[in-house]
Amino acid sequence: MRTTAFALTLAVLLLLSGCSGALQGSEAAAQTNATATTATTTPVPTDAPTASYTQTPHMGCQPGAIEKNGTCRVVTNGSNADIFSAENLSAITAKNTTINGTSGYLARPADNGSYPAVVMIHEWWGLNENIRHMADILAGHGYVVFAVDLYDGRVATNSSEAAQLSGEVRNNPDEAVAKMSNATAGLRAHPNTTDQVASLGWCFGGGQSLQLSLSDADLNATVIYYGTLTTNESTLRNIDGPVLGIFGAEDQVVPVESVREFNRVLDALGVEHEIYVYEGAGHAFANPSGESFQPEATRDAWSKTLRFLNETLRGSE
């Protein structure tokens, strides 16, 4: 497994104060408190990468935020603009396309330069306008971003549909890993990319980002926003570091105990990583929909994400 030099290796993270934090060795670093269509399935080749662990059923909102009828709200188009928009973004070009057999949404700087690449993986809602907007923003920071579509064109508009679609992927995880791995290889061969590729996903997509990192795709960095984790040491030996993990202390879907153990195992394995847990934040706190949304924590987490990608994919301090 490839490793990349990185300035910060964060060890066991404890939440004993009123702000989010991560420990570097024994020293704590204080942080700011931070549309449905019929799908076709493609058989997975026998030599395709396989999923490294079994994910548990995943929800896109806190259990306590689900309404009495069993639903929770989906992110609407542009609802994250005030949180993630930034000045001086590069002009971009974007289109729906297929890369190496995987369908998705490609956003990149409009010039003909070469840029690092990011495989972006959607939440349990699917490849909706919220995720496309995030791809546009990240592309404006100088990345070639391919938001993969693991639902084959389907997008959930309520949590019942989202549970069904994410369940289909969970029940056939090898197909999803093959799609993401193909996209990774395709991005490396793209004329506008360097050889540096990272994965980035939220919720359901955070778990998929980890699955991709554990496969043979050989990523240069891995970003996980409150995705379901494995803490098995043998499995995590295959992870592609450096790793950035973003979690909420009050998450009832991905409990903080699991995050601490994930952090401990990565530290024991010598995998370069940063793990941040935001005090008072629940599951999907970076999603501008529902009761769990935490604007300040989201801004801080996104700032850390941009810095992490810049350091790991460009080597910038």
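Every number in this text was worked out from the coordinates using simple rules, so none of it is lab data. Note that the structure is predicted; figures quoted are calculated from it, not measured. Cβ sites come from the backbone with ideal geometry, for glycine too, and all protein chains shown count toward neighbours.
The average projected area of the stretch 101-151, computed from the convex hull of its Cα atoms over all directions, is 3.6 nm².
Would you mind classifying the stretch 205-317 by shape? Square roots of the alpha carbon gyration tensor eigenvalues, ordered a ≥ b ≥ c; an a/c under 1.5 is rounded, otherwise it is prolate if a/b is larger than b/c and oblate if not.
Note, shape of the stretch 205-317 comes out oblate.
The residues neighbouring GLU233, those whose beta-carbon lies less than 14 Å from its own, together hold a net charge of 0 under the Lys/Arg +1, Asp/Glu -1 convention.
Annotation: extensible slack from ALA268 through SER160 equals 35.0 nm (criterion: 0.36 nm per residue apart, minus Cα-Cα distance). Each residue of the stretch 108-119 was assigned a 3J(HN,Hα) from its phi angle through the Karplus curve 6.51 cos²θ - 1.76 cosθ + 1.60 (θ = phi - 60°); the sequence is 8, x, 6, 7, 9, x, 10, 9, x, 10, 9, 8 Hz, with glycine and proline shown as x. Suppose R0 equals 41 Å; then what is the FRET efficiency for ASN172 and ALA110 from their Cβ-Cβ distance, rounded to the nearest 0.05? Here the calculated transfer efficiency is 0.65. Once each part is reduced to its C-alpha centroid, what is the distance from the stretch 96-165 to the stretch 194-249 in angstrom? So the two Cα centres are separated by 17 Å.
Residue-wise HN-Hα couplings along the stretch 251-267, as the Karplus relation 6.51 cos²θ - 1.76 cosθ + 1.60 with θ = phi - 60° gives them from phi, are 5, 8, 9, 10, x, 5, 4, 5, 5, 4, 5, 4, 4, 5, 5, 4, 5 Hz; Gly and Pro carry x.
The P(r) of the stretch 56-313 has a tail past 28 Å containing 26 percent of all C-alpha pairs.
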